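Novice: Dumping the structure here so I can ask a few things about it.
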Amino acid sequence: MSLIIKGGRVIDPVGGLDRVCDLEIDKGRIVRTGRGLSGERVLEASGLWVLPGLIDMHVHLREPGYEYKETIESGSRAAAAGGFTAVACMANTDPVNDNGSVTDFILSQARRRAAVRIYPVGALTKKLKGEQLAEIAEMKVRGVVALSDDGATPMNAEVMRRGLEYASTFGLPVIAHCDDQNLSRKGVMHEGAVSMRLGLPGIPDAAEACIVGREILLAELTGAALHIAHVSSRRSVALIRGAKERGVAVTAEVTPHHLTLNDAALAEYDTNLKVSPPLRTEADRRALVEGLIDGTLDAVASDHAPHNIAEKEVEFENAAFGMIGLETSLPLLLRLVHAGTLTPSQLVQVMAVAPARILGLPGGTLGKGVDADVSLVDPDRVFSVDPQTLLSRSRNTPFGGWELKGKAVCTLLRGKKAYEDREWKSRQKVSS
Ligand code: DOR
């Protein structure tokens, strides 16, 4: 039965399209775009943006091992509610995803329970210890799309070199969490004037930049595809910009929280603001926005990191690092669009096109014949973030009570509804 998404602003940078028209879907695939299309079912989309399904290339779904924080099912529902049709999930589960049987488990749970596509990221080293390489070949066969010790950095550069070499023989990118643990060891926030005032131990920006520099040099040495996760500082942006100018195969991502907040926000000791890497200065935040606009930073990824109350409602120093992000990513990025800093097409580029390209995934376009993974977004819908109503199993967001403008109202996976906003649904007339 064909479905017409009628009268929305269809934005598909890959196809060079940004205009108000209809989109036809049949048998789970995109058939065509055009005006005056008719079909058996119609979704009225006037006033909405019709986008390729968003892709979050960096989330923590916590299963197996930490199901009290999140599961593949709950995390994927949160993803669909955030407008995402695919996520790549990190390996710091228990057991760690460092061998084929854990990869198999994640994919079988995904097949049975997930609302969106789940792409596992395998560990680079066994148990994320930074010592011996993980079972990369068997994980690749089972379906990992990248390798990463996210949450930790292999401190031994030789291990990283071998990891990059080995990954490149399998055509897998390495996602680097850049943190020199000897520099950051006891730190809980950015090291600077604010940490001094608050009396909290700091993490210097050099802890990130030292490793960004190291990984770039190792990528140059090995020719491997390197992706820098959650860039937080202007020094790192400058290093990545320089590497790209030299033609190094490096890509990078930035989180909505690093684009939105700076370390001054920590004045009230809200542990939901404790993240790794930490929120840095306003100058760093601006450099990240600039880096996103000029393409130094290719993609936006949430680093969705669920933790439960017991891990967050403690002294700042003892709280876990991380915040959830799947359901606030798009609205936070839309702030940049509403401010005129980013165009809607650039938003699609960084939230769908680039993640698909970097990880070699299908999607990121509304081209004829591709699977109909589509995100319908109401750019003008004003809402207040209520942590209690989020679909994630955890509530650790610092954005509770924030009034945001714009959200996903309907997410289609292969042409079927994976999420529908209640208010939008009640207004929707489905004709047949
Ligand atoms: O804040 C973070 N939390 N950063 C990471 O890289 C890991 C994540 C987690 O797993 O909780």
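Novice: For the chain, what is the relative contact order in percent, using Cα pairs closer than 8 Å and at least 6 residues apart in sequence?
Specialist: 20 percent.
Novice: On a full-extension model of 0.36 nm per residue, what is the gain between THR389 and ASN156, subtracting their alpha-carbon distance, rounded to one decimal in nm?
Specialist: 79.6 nm
Novice: Indicate the gyration tensor shape class of the stretch 202-266 (rounded, prolate or oblate), computed on the Cα atoms with a ≥ b ≥ c the square roots of the eigenvalues: a/c under 1.5 is rounded; otherwise a/b larger than b/c is prolate and the rest oblate.
Specialist: prolate
Novice: Please list, or write none, the aspartates and glutamates whose alpha carbon is within less than 20 Å of the alpha carbon of LYS244, excluding same-chain residues fewer than 8 places away.
Specialist: GLU165, GLU208, GLU215, GLU220, GLU253, ASP284, GLU290, ASP294, ASP298
Novice: Given H placed 1.01 Å from N in the peptide plane, which residues other than close sequence neighbours of LEU297 have an amide H under 5 Å from its amide H?
Specialist: Placed amide hydrogens put LEU292 under 5 Å from LEU297.
Novice: Report relative contact order for the stretch 1-136 in percent, whole number only (criteria: Cα-Cα under 8 Å, sequence separation at least 6). Could the numbers behind the result be given before it?
Specialist: Details: 278 pairs, mean separation 25.4, N = 136.
Contact order relative to length: 19 percent.
Novice: Suppose we keep just the DSSP beta bridges with both residues in the chain; what percent of those would be antiparallel, to 5?
Specialist: In the chain, approximately 50 percent of DSSP beta bridges are antiparallel ones.
Novice: Here is a further query. How fast does the stretch 40-162 diffuse by Stokes-Einstein, in µm²/s, taking the Kirkwood radius from C-alpha pairs at 37 °C and 0.692 mPa s?
Specialist: The Stokes-Einstein estimate is 215 µm²/s.
Novice: Counting only C-alpha contacts under 8 Å and six or more residues apart, can you give the relative contact order of the stretch 274-406 as a whole percent?
Specialist: Computed value for the stretch 274-406: 27 percent relative contact order.
Novice: Using the crude model of +1 on Lys and Arg Cβ and -1 on Asp and Glu Cβ, and no other charge, please compute the dipole size for the chain relative to its Cα centre, in debye to 20. Intermediate results must be reported in sequence, preceding the final value.
Specialist: Working: 51 positive and 54 negative charges, 255 e Å.
Result for the chain is approximately 1220 debye, rounded to the nearest 20.
Novice: With θ set to phi - 60° and the Karplus curve 6.51 cos²θ - 1.76 cosθ + 1.60, what are the ³J(HN,Hα) couplings of the stretch 386-393 in order, to the nearest whole Hz, using x for Gly and Pro?
Specialist: For the stretch 386-393, the Karplus curve yields 10, x, 5, 9, 5, 7, 4, 6 Hz.
Novice: How big is the Cα convex hull of the chain in projection, averaged over all directions, in nm²?
Specialist: Computed as one quarter of the Cα hull surface, the answer is 18.9 nm².
Novice: Could you size up the charge dipole of the stretch 277-432 around its Cα centre, putting +1 on the beta carbon of Lys and Arg and -1 on that of Asp and Glu, and report it in debye to the nearest 20?
Specialist: Computed charge dipole of the stretch 277-432: roughly 760 debye.
Novice: Taking a virtual spin label 7 Å from the Cα of VAL20 along the C-beta vector, which residues in the stretch 42-57 bring their backbone nitrogen under 16 Å of it?
Specialist: 44-50
Novice: Any idea how far apart ILE309 and LYS405 come out in nm if each label point goes 7 Å out from Cα toward Cβ?
Specialist: Spacing of the two 7 Å Cα→Cβ label points: 3.5 nm.
Novice: Distance cut-off 20 Å, Cα to Cα: go down the list LYS69/LYS312; LYS27/LYS368; LYS69/LYS140; LYS6/LYS416 and report the pairs above it.
Specialist: LYS69/LYS140
Novice: Let me ask another. How much FRET efficiency would the formula 1/(1 + (r/R0)^6) give for ALA137 and ARG185, where r is the Cβ-Cβ distance and R0 is 30 Å, rounded to 0.05? Each step should come with its number before you reach the end.
Specialist: On the way: r = 34 Å, r/R0 = 1.13.
The formula returns an efficiency of 0.35 here.
Novice: Please give the length that would be gained between LYS126 and SER2 if that part of the chain were fully extended, namely 0.36 nm times their separation in residues minus their C-alpha to C-alpha distance (nm, one decimal).
Specialist: Here the answer is 39.9 nm.
Novice: Under 12 Å from the 7 Å Cα→Cβ point of ARG41, by amide nitrogen: which residues of the stretch 362-380?
Specialist: none
Novice: Starting with the fewest neighbours, write out THR103, THR222, THR328 ranked by other beta-carbon atoms found within 10 Å of each beta-carbon. Intermediate values should be presented prior to the final figure.
Specialist: Values: THR103 23, THR222 20, THR328 26.
Arranged by neighbour count, lowest to highest, THR103, THR222, THR328 become THR222, THR103, THR328.
Novice: From the helices alone, meaning DSSP H stretches of at least four residues, give me the mean residue ellipticity at 222 nm for the chain, per-run term -39500 (n - 2.57), in deg cm²/dmol to the nearest 500.
Specialist: -8500 deg cm²/dmol
Novice: Shifting gears a bit: What is the fewest-to-most order of PHE316, PHE170, PHE84 by other Cβ atoms lying within 10 Å of their Cβ?
Specialist: Placing the least packed residue first, the sequence is PHE170, PHE316, PHE84.
Novice: While we're on this one: I need the peptides 52-64, 204-216 ranked by packing, meaning the mean over residues of other C-beta atoms within 10 angstrom, with the highest value on top.
Specialist: Result, highest mean first: 52-64, 204-216.
Novice: With unit charges on the beta carbon (Lys/Arg positive, Asp/Glu negative), name the residue among ILE72, VAL20, LEU217 whose Cα is farthest towards the positive pole of the charge dipole of the chain.
Specialist: In the chain, that residue is VAL20.
Quick note: the coordinates plus some simple rules give every number you see, no bench work behind them. Not measured: the values here are computed from a predicted model. Counting neighbours? That spans all protein chains shown, and the Cβs are built from the backbone with ideal geometry, glycine included.
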